Every structure is written in C-alpha cells, then in structure tokens.
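The values are calculated or read from the model by the stated rules, or taken from the named source; none is laboratory data. Predicted model, so just to flag it, every value in this text is computed and none were measured. Every residue, glycine as well, gets a Cβ built from its backbone with ideal geometry; the counts of neighbours run over all protein chains shown.
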Amino acid sequence: MAERDRPTEGRAGRLRAGYGAAPWHLLLVTAVIVLAGWVALRLAQEATFGRMLLWFVGAVIAHDLVLFPVYASADRALRAVARDRVTLLNYLRVPALGTALLFLVYSPGILRWGETTHEAATGLTQRPYLVRWVVLSAALFLLSGLAYLLRRRQASRQRSESA
Amino acid sequence: MPVSRPGPSDSGTRASEVDGYGAPRRLWRGLAQHRPPGVDAVERSWRSPLRGPWLTAVYGSVLLVALPLVIITGLLDYAAYGPQFDQAFPTNVGWLRLPAFDWPTRPSWLFRVTQGLHVTLGIVLVPVVLGKLWSVLPKLFDWPPARSLAQVLERLTLLLLVGGILFQIATGLLNIQYSYVFGFDFYTAHYFGAWIFTGAFVAHVIIKFPRLVTALRSRPLGAELRTPREATRPEPPDPDGLVAAEPGPATVSRRGAVGLVGGGALLLAVLTVGQSLDGPLRRTALLLPRGRQPGTGPNGFPVNRTVAAAGVRPEQTDASWRLTLRGGGRTVTLDRPALLAMAQHTAALPISCVEGWSTRQTWTGVRLRDLAALAGVADPASARVSSLEQAGLFRTAVLAANQVLDPDSLLALRVNGVDLAPDHGYPARVIVPALPGVHCTKWVAEIDFRGRADG
Ligand code: HEM
C-alpha cells in the first residue's frame, strides 16, 4: 500500500500509527483498566482478596481451557458415532446440550453443595434435585428420540410416495 | 509459513490498516513471525462454518439489550437495601454507586419485579453468553496475540469482560442455591465484580458497535432464518479472523445455532420463573429451592431463614413476649393481646427476596405509623427494628420515613387469616411494600422510632 495512505499526518496521526488505534481508544481502555485497578486496590485489603482473584481468573480458565475443550471433544465423539447421519447427530446434540446446561446452572443443588445453608434458609433438604435433573434429562432424550423417529417415518413415507 | 491475516481493523484500530502493526514494528512483526509449534494446527482445527461476524453479532445484540437490564436491576438491589443507613453491603463503596434516593414503597411489586428480573435474566442469559464466547473463541488462540499496544490493552479489557461476566454468573448462581463454596463475602465480590464488568462491557460495546451494525446488515435476518442446513455456507473471510480458514461442511444451519441458544434460554426460563409466581405454576421451578413449598395451609409458603437457624427459642416467643417501642425518650411495651386489640389492617403484599424469588400473601396486623404515634413520634424520620435473633447480618434493619408511613406497612401478626408460623416470624414481623424480604424483620422484639428533630 502506498505511503500516502498511512494516516500519519499530525500528532494524532503519529499516535494512531504508533499506538495502533485512535486516541479515543487509548482513553477508553485506559479508563476501564484504571477502574478495575482501583477496585482491585480497594479489595486488596480484604482477607479473601486472593480467593476472589482466583475465582475471577479461574472462571476464564475454567471456561476457555476446560469447559470448551470438554464440550468440543464430546461433540467430536458424537460426530464420530453419528458419522454422516447429520439428522441423528442433531437429535443427540440437542438433549445432550440441554442436560449439560441444566447441570451447569443447577449443579449446586444437584451436587448438594451447601446442605446446611440450604436447610437453614429454606427448611428443606437438597435431596430432590439430583433425581429431578436425571428425570428432566431423560425426558429431553426421550422427546428428542420420539421426534427423530417421527421424522424418519415421515421421510421414508415421502420417499415411498415419490418413488 | 502461512501468511497472517490482515490486521484487525475495527473502528478503534483503523490506523493500523496498512499492515496492522503498531510501534515498535520490529517487535510486533518479530512476534508474529515466531509462531510457536502447534499454533498452525490449532488454527486449522477451527472447522465450524457458522463462526463469523454475523452469528457473533446476533448473540452480541441479545446481550447488548439484556445485560444493561441486569446491571441496572443489580444496582437497584443495592439501593433497595438503604445505603443511606449504612445497611447496603458492601458498606464502603466510595463513588461507585447510584445517586442516593429513598427506595419507594409503590408500586408494592417494585422489588419483586426488579430483583426477579435480575436473577431470572441472569440465568436465562447463560446460554447466550456461552454461545457468544463459543463464536469468538478462536481469537483466544490467535497468533500473534497482539500487533500493537492498542491490542494488548484491548485484550486486557477483554479479560475483564469475560472474567467479569463469568464471575458474576458463578457467584450469583451459587448464592441463589445457598452454596457459599467460594469462601468470600458474596456482596463484596458481586458488587465490585459488577463494576469491573460494567466498565469492560461499556468499552467493548463502544469499540465494537460499528462492527456489530455492519455484521447484522451483511446478512438479512429473515433470509438467514429461512436458510436450511444444506444451503448454509461460511461467511466470507473477515478482517477479525472469526471465519474459519478451512471450514468444514455445516451440520447445523445458522437458524439452528440461533435456535439452540434460544431453546436453551427458554428451557432455563421455564425452570426459573416459577420461583416468582404463585399458585400451581410455582412448582415448575423444579431445580431451584423456591419452586418448593415447605408445607401446606395458610403458612405453607417459602421461608427465608428458619426459626431454628435464627436461634430464636420457644420460651422467647410464648406469652411472656413483649414488644418494646421507643421514641423521643418514651418507652412503651405491649404484649400480643394488646397488639391484637389495636386497629388491625389487612394488605396483600409480596414478600420478595434478594435472591429473586417472591410470593404474595395476605398479611394482617398493626400499621407501623400507628405504632409510631403510640411511641409519641407522629412524624418519624426512620425506625430501627430489632429481632429476637442474637446474631446475623439482618438482626436489625432501619426503615426510612416513607416505609414507616405507608398505609400498608405493617407489624404483621397474622397471615392468610391465621397466626404467623414460627418460621414466618411469630409473634410479629414487619412487612413493608416493595422492601427486600431480608429487611422485613421477623420475631420483632423492639422498634425504635427516630423523630425528625432527633436528626
Ligand atoms: C452481568 C452480570 C451481573 C451483574 C452486573 C450483576 C450486578 C449485581 C449488583 C450490582 C448487585 C447488588 C449487589 C449488592 O447489593 O451488594 C447484584 C445483586 C444480586 N445478584 Fe447480580 N449481577 C449479575 C449477574 C447475576 C446472576 C447471573 C445472578 C444469578 C442468577 C445474580 C444474582 C444476584 C443476587 C441473588 C443478588 C442479590 C444479592 C443480595 O442482595 O443478597 N446476579 N447483582
């Protein structure tokens, strides 16, 4: 690209070229980082600050380097099972994702993390959640299975009609 | 060596459109040329033909509309605690708060809606957040990680953005299910986490908004939602490198990808809204504590903190129980029959918990303003209500003037036509319209009315 295309004229232009973005970009991201830094400094006096930081960074690592690889591999395994039967693949994927999503969101109850606090707050135990999750998941797979069979029946009927 | 893609050129980084490198160029270019082993394999392993600016923009637009609601209702929750009485947690937040105002008592369902929205939306957005992150995940493994200082700083703010939302979701979800496994104070973490997230979110929206608009315009929504899987093709290569270099065949259409995330959100909505509804629909919150009723009959609605957990003993609440009213140097003590002999008022009011669940019940008792008059403070500025509980964050709560004076603000003695059950605060509890449940003190022992003159 020709040299004259480079917006390097003037101080703002030099900043752009050197920094890699417009001056307002620098202002904006600096403000965000200063805000976060100010909050972190405030929190640094808390005895549990280390744990908070661990959970903040840990949440990113858990998502990007644990959850994502796990669900991507699970999907790869499903694709290997289904091979080129894409419809079957999707009728497996949907209930599997539903099951995983419910577990992800409601795992504290399902795994009974916090029996005593739960009981103190509500007067109830956490026992029912595991069974309910299993039943809900089974229902998702069942519904999906039925829908798949229906669809296959329809498809084969159409095929025999057009034959 | 594969040629690296053109540098990112969103509106904020337009200056680097030439080759994408800022100063010192030798450093950034050198970094780009030193590709660690495995980077190329990872880059080729992104095969989904759906990833691209359009899908990212669709998920992004949903978050752009919904997350501000979550942020605002969260900050309103803090305001509802009454920070002017130092009873919102964390107490010391400097200038990081909404401007001070008195939390209103009308409409009486105000807090039911704001906090219900906060928690329900927070849960329902989980699949959208996951879908959005899935759509941009290849960027995490990009090489070079940055081509200029601008990109280094922006990626740092993205760490705050992603860490922030995941942190808020994780702490919120654990809190409403009563598992405090994180081992730090929820209020402090969730409140300050919210500000870190909000800052990063605002910046991200400002930087990416033009991109979002372009991406949405690039493929008409209607046409895209009519395209079946067989006709689904990858988007053209984009400057951000979201589109896979070697995309595989589509196993799901874009309509399917949007539907999958929408379906997940719907599933969570169906399993969550029940905790804010009364009647048989409550049971639909199958996996949440507040989909369950602790019993049957007039007192069979959800309890927050049992009498056993509060450590209130039966001998404290028998016939020897007395209510102490203080105000302007005067002290009045009343037993339960005396309270029942006063003018009784009945109001159907929701009890709305900070954890997002709520239930409307019919309460009967003495108006707080009548008790204030009895204590000799006809024009109260505030009232401090104390419980028989010995410990706990909510042993006492201060009510503002409007909360004492509302005609439906009660010291309730009965609910749904019968005496309060011990778990619901027998002998007497406070119920104030639109006040968070934790401040509707149970097992009341004393009310201290402060007049305007007392300052
Ligand atoms: C973008 C994400 C979120 C933001 C910015 C946010 C922000 C806030 C803020 C500012 C508060 C007030 C905190 C205080 O009073 O100290 C709050 C309270 C709360 N949030 Fe969130 N929140 C988010 C997501 C969630 C999610 C996903 C959930 C759970 C499903 C959740 C559950 C709660 C609960 C239960 C409270 C009440 C805490 C209490 O007062 O006891 N939040 N939120």
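For the residues B:W95, B:W143, B:W103, B:W134, the requirement of being out of contact with any helix residue (DSSP H, G or I) (no Cβ under 9 Å at 6 or more places or on another chain) and not assigned by TED's automatic domain parsing to the domain that holds B:T359 singles out B:W95.
Among all residues of region A:1-9, there is at least one that is facing chain B (nearest Cβ under 7 Å) and surrounded by 14 or more Cβ atoms within 10 Å (Cβ to Cβ). Filtering region B:403-425 to residues that are in contact with a strand residue (DSSP E or B) (Cβ under 6 Å, 6 or more places away or on another chain) and surrounded by fewer than 23 Cβ atoms within 10 Å (Cβ to Cβ) leaves B:D408, B:L413, B:R414, B:N416.
Pairs linking a residue in region B:135-159 that is aromatic (F, W, Y) to a residue that is at pLDDT below 95, with Cβ atoms under 6 Å and 6 or more positions apart or on different chains, are B:F141/B:V42; B:W143/B:R35; B:W143/B:V39. Check region B:238-247 and report whether any residue there is more than 8 Å from chain A (Cβ to nearest Cβ), over 24 Å from the mean Cα position of the chain (by Cα) and free of Cβ contacts under 8 Å to residues at least 24 places away in the same chain. No, there is no match, as no residue in region B:238-247 is more than 8 Å from chain A (Cβ to nearest Cβ), over 24 Å from the mean Cα position of the chain (by Cα) and free of Cβ contacts under 8 Å to residues at least 24 places away in the same chain.
Residue by residue through region B:428-455, note down the ones that are part of a strand (DSSP E or B) and more than 16 Å from the ligand (Cβ to nearest atom). B:R429, B:V430, B:I431, B:V444, B:A445, B:E446, B:I447, B:D448, B:F449, B:R450, B:G451, listed by residue number. Taken over region B:155-169, the criterion of being facing another protein chain (nearest Cβ under 8 Å) and surrounded by fewer than 20 Cβ atoms within 10 Å (Cβ to Cβ) is satisfied by B:L156, B:L159. So, in region B:383-402, of the ones that are of a type in the set (A, V, I, L, M) and more than 26 Å from the chain's Cα centre (by Cα), which residue ends up surrounded by the fewest Cβ atoms within 10 Å (Cβ to Cβ)? Step by step, filter region B:383-402, then rank; the result is B:A391. Is it the case that some residue within region A:68-83 is at the interface with another protein chain (Cβ under 8 Å from one of its Cβ atoms) and either under 24 Å from B:L173 (Cα atoms) or more than 23 Å from the chain's Cα centre (by Cα) (or both)? Checked region A:68-83: at least one residue is at the interface with another protein chain (Cβ under 8 Å from one of its Cβ atoms) and either under 24 Å from B:L173 (Cα atoms) or more than 23 Å from the chain's Cα centre (by Cα) (or both).
Pairs meeting the criteria (first residue in region B:99-124 and within 14 Å of chain A (Cβ to nearest Cβ) and under 25 Å from B:V261 (Cβ atoms), second residue within 9 Å of the ligand (Cβ to nearest atom) and outside any helix (DSSP H, G or I), beta carbons under 8 Å, at least 6 apart or on different chains) are B:V119/B:T272; B:V119/B:E355; B:V119/B:G356; B:T120/B:T272; B:T120/B:G356; B:I123/B:T272; B:V124/B:T272. If you go through region B:257-301 and keep only what is more than 25 Å from the chain's Cα centre (by Cα), surrounded by 19 or more Cβ atoms within 10 Å (Cβ to Cβ) and more than 19 Å from B:V129 (Cβ to Cβ), you end up with just B:N299.
Within region B:73-122, the residues that satisfy the criterion of being within 11 Å of the ligand (Cβ to nearest atom), under 27 Å from B:L405 (Cβ atoms) and part of a helix (DSSP H, G or I) are B:T73, B:L75, B:L76, B:D77, B:Y78, B:A79, B:A80, B:P83, B:F111, B:T114, B:Q115, B:G116. Counting only residues that are within 14 Å of chain A (Cβ to nearest Cβ), surrounded by 18 or more Cβ atoms within 10 Å (Cβ to Cβ) and either without any contact (Cβ under 8 Å) to a residue 40 or more places away in the chain or under 21 Å from B:R369 (Cβ atoms) (or both), how many does region B:302-346 have? Within region B:302-346, residues that are within 14 Å of chain A (Cβ to nearest Cβ), surrounded by 18 or more Cβ atoms within 10 Å (Cβ to Cβ) and either without any contact (Cβ under 8 Å) to a residue 40 or more places away in the chain or under 21 Å from B:R369 (Cβ atoms) (or both) number 1. In the set B:G22, B:G12, B:G60, only one residue is modelled with pLDDT under 95, part of a helix (DSSP H, G or I) and either surrounded by 19 or more Cβ atoms within 10 Å (Cβ to Cβ) or within 16 Å of the ligand (Cβ to nearest atom) (or both); that residue is B:G12.
Of everything in region B:347-371, what is more than 27 Å from the chain's Cα centre (by Cα), in contact (Cβ under 8 Å) with a residue 60 or more places away in the chain and surrounded by fewer than 23 Cβ atoms within 10 Å (Cβ to Cβ)? Give them in sequence order. Lay out the reasoning, then the answer.
The first filter runs over region B:347-371 and keeps only residues more than 27 Å from the chain's Cα centre (by Cα), leaving B:347, B:362-371.
Pick out the ones that are also in contact (Cβ under 8 Å) with a residue 60 or more places away in the chain and you get B:347, B:363, B:365, B:368, B:371.
Selection gives B:A347 alone.
Output yes when any residue across region B:170-188 is more than 7 Å from every other protein chain (Cβ to nearest Cβ), of a type in the set (V, I, T) and over 25 Å from B:D240 (Cβ atoms), and no when none is. Yes, region B:170-188 contains at least one residue that is more than 7 Å from every other protein chain (Cβ to nearest Cβ), of a type in the set (V, I, T) and over 25 Å from B:D240 (Cβ atoms).
Elements of the type strands (runs of 3 or more DSSP E) sitting completely within region B:269-384 and holding at least 3 residues that are of a type in the set (G, A, S): these cover B:345-352. Test A:L89 against the criterion of being touching a helix residue (DSSP H, G or I) at 6+ places or on another chain (Cβ under 7 Å) and more than 22 Å from B:A269 (Cβ to Cβ), and give yes or no. For A:L89, the condition - touching a helix residue (DSSP H, G or I) at 6+ places or on another chain (Cβ under 7 Å) and more than 22 Å from B:A269 (Cβ to Cβ) - is met. Limited to region A:88-117, what total is found for residues that are under 18 Å from A:L143 (Cα atoms) and more than 9 Å from every other protein chain (Cβ to nearest Cβ)? Qualifying residue count, region A:88-117: 7.
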